[in-house]
1. All but one of (1) crowded, with 16+ Cβ neighbours inside 10 Å; (2) at pLDDT below 90; (3) within 18 Å of F39 (Cβ to Cβ) hold for L185, so report the exception by its number.
2. Is there a residue in the range 159-169 that is within 24 Å of E73 (Cα to Cα), touching a strand residue (DSSP E or B) at 6+ places or on another chain (Cβ under 6 Å), open to solvent by 30 Å² or more (accessible area, probe 1.4 Å) and without any contact (Cβ under 8 Å) to a residue 40 or more places away in the chain?
3. Restricting attention to the range 47-60, which residues are in a strand (DSSP E or B) and open to solvent by 10 Å² or more (accessible area, probe 1.4 Å)?
4. Within the set of pairs 6 or more residues apart or between chains, which connect a residue that is within 20 Å of N34 (Cα to Cα) inside the range 246-262 to a residue that is surrounded by fewer than 17 Cβ atoms within 10 Å (Cβ to Cβ) and among the charged types (D, E, K, R) with Cβ atoms less than 9 Å apart?
5. Among residues belonging to the range 123-180 that are among the hydroxyl-bearing types (S, T, Y) and not in a helix (DSSP H, G or I), point out the one that is nearest to F39 (Cα to Cα).
6. If I ask for residues that are more than 15 Å from L157 (Cβ to Cβ), open to solvent by less than 40 Å² (accessible area, probe 1.4 Å) and β-branched (V, I, T), which ones from the range 188-209 would you list?
7. Answer yes or no: is there a residue in the range 92-101 that is in contact (Cβ under 8 Å) with a residue 60 or more places away in the chain and either part of a strand (DSSP E or B) or surrounded by 16 or more Cβ atoms within 10 Å (Cβ to Cβ) (or both).
8. Return the total of residues in the range 1-29 being touching a residue at least 40 places away in the same chain (Cβ under 8 Å) and outside any loop (DSSP other than H, G, I, E, B).
Amino acid sequence: MKETPLSNCERRFLLRAIEEKKRLDGRQTYDYRNIKITFGTDYGCCIVELGKTRVLGQVSCELVSPKLNRATEGILFFNLELSQMAAPAFEPGRQSDLLVKLNRLLERCLRNSKCIDTESLCVVAGEKVWQIRVDLHLLNHDGNIIDAASIAAIVALCHFRRPDVSVQGDEVTLYTPEERDPVPLSIHHMPICVSFAFFQQGTYLLVDPNEREERVMDGLLVIAMNKHREICTIQSSGGIMLLKDQVLRCSKIAGVKVLEITELIQKALENDQKVRKEGGKFGFAESIASQRITAFKMEKAPIDTSDVEEKAEEIIAEAEPPSEVVSKPVLWTPGTAQIGEGIENSWGDLEDSEKEEDDEGGSDEAIILDSIKMDTREVSNIGSQDAPIVLSDSEEEEMIILEPDKNPKKIRTQTISAKQEKAPSKKPVKKRKKKRAAN
């Protein structure tokens with residue numbers, strides 16, 4: 001799914017606001033968004049929130065054979081994933097140009113800067129070394145992915161603890177955390193990326209651009225630096241030409257921001273270590289504020305139930321009594337009832353053509369009813385004489401003669417129904433009526 005493009009009105013509005021040194025979220029030109037770091041229950045698991053951009057970092061380790069040209073060094077592997085959960089524009093199972101660029105920048109920032117002592121990861125030279133894998137998952141995308149990913153990677157590496165091992169001859173023994181305390185990684189320094197967005201061919205500069213500002217920017221400059229003001233890597237993208245003074249000014253701003261972020265990371269690590277030693281509660285679930293709906297715990301409020309009956313009686317006494325007026329049913333005929341007033345017939349008057357059809361149909365029905373009455377009279381007369389009852393509807397059919405205390409006998413007879421006898425009398429009646437109407 002392609003990302004929704006910005007309209008011309010939105011683009012002009014953003015550029016006009018940047019010219020006036022204003023931003024949509026109220027920040028100043030060189031301000032960073034709020035950074036929040038939370039740790040999971042396991043070592044090496046953390047979530048970094050840079051404004052609304054969220055990145056999950058997870059570190060794992062494994063004993064593998066070393067590379068042939070570096071037999072005494074461990075292996076570092078970084079993997080960043082952009083899922084559709086973060087933004088609908090990211091396609092699953094496909095490496096976009098943005099993903100390749102971010103992975104390469106992370107490797108240059110963390111691996112090539114030698115921030116981790118890879119020689120300390122060697123267990124047996126040429127045979128067994130530790131492979132450290134850093135998996136980064138983008139949970140929500142709101143701009144500046146590389147800064148949030150670099151912070152999450154270095155925080156997860158600082159928080160990670162690998163299992164302790166011992167070597168006796170050719171045997172390598174791996175100890176569980178219950179047997180021996182896990183060992184932290186040897187980290188020399190913490191490189192952190194700081195992004196600068198340029199607008200209108202480098203005329204205007206913003207620190208930590210969000211997702212909308214990234215759409216209208218002309219170029220991006222990323223500087224990876226540690227707290228000692230040592231530049232680890234620089235990358236410029238967008239095809240704009242930057243002056244030497246602009247790069248120096250960005251490096252000075254990056255030094256200040258990196259120092260602040262490093263202090264925040266160290267405080268977060270110290271607080272987590274302190275809570276784990278004291279046996280307190282830690283993890284992602286405990287970091288959620290209890291005022292939110294998604295909290296996992298809820299305080300119990302005491303309820304006094306001693307005076308429930310007295311309070312109920314007071315409420316009943318103060319309440320208004322129910323109305324005594326009860327509607328009486330109206331009996332029109334036996335077996336029927338009506339409550340309330342009825343409504344008149346809402347059907348409209350019949351048209352003249354419908355009235356004529358009803359008149360003709362009524363006359364036919366009257367003739368049929370007369371014939372039915374005659375049939376019923378004949379049947380009643382036969383029944384009074386204790387004669388067998390003969391039921392017939394057609395000229396030739398099976399007839400059943402009902403006699404008392406005898407089995408019914410089936411006989412084949414030919415009868416003429418009363419309807420057919422009366423049928424010829426219908427036509428002259430209709431003709432007479434039509435003649436009268438003509439006269």
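1. (2)
2. Within the range 159-169, one or more residues are within 24 Å of E73 (Cα to Cα), touching a strand residue (DSSP E or B) at 6+ places or on another chain (Cβ under 6 Å), open to solvent by 30 Å² or more (accessible area, probe 1.4 Å) and without any contact (Cβ under 8 Å) to a residue 40 or more places away in the chain.
3. At the first step, the residues of the range 47-60 found to be in a strand (DSSP E or B) are 47-50, 53-60.
Listed by number, the residues that qualify are I47, E49, R54, L56, Q58, S60.
4. Close Cβ pairs (under 9 Å, with a partner that is surrounded by fewer than 17 Cβ atoms within 10 Å (Cβ to Cβ) and among the charged types (D, E, K, R)) amount to A254/R229; G255/R229; V258/R229; L259/R229.
5. T176
6. V194, V207
7. No, because not a single residue in the range 92-101 is in contact (Cβ under 8 Å) with a residue 60 or more places away in the chain and either part of a strand (DSSP E or B) or surrounded by 16 or more Cβ atoms within 10 Å (Cβ to Cβ) (or both).
8. The number of residues fulfilling the criteria is 6.
The values are calculated or read from the model by the stated rules, or taken from the named source; none is laboratory data. Keep in mind it's a predicted model, so treat the numbers as computed, not measured. Cβ: placed from backbone, ideal geometry, glycine included. Neighbour counts: every protein chain shown. Remember, those area values only see protein heavy atoms, side chains included, never the ligands or the DNA or RNA. Shrake-Rupley method; radii C 1.70, N 1.55, O 1.52, S 1.80 Å.
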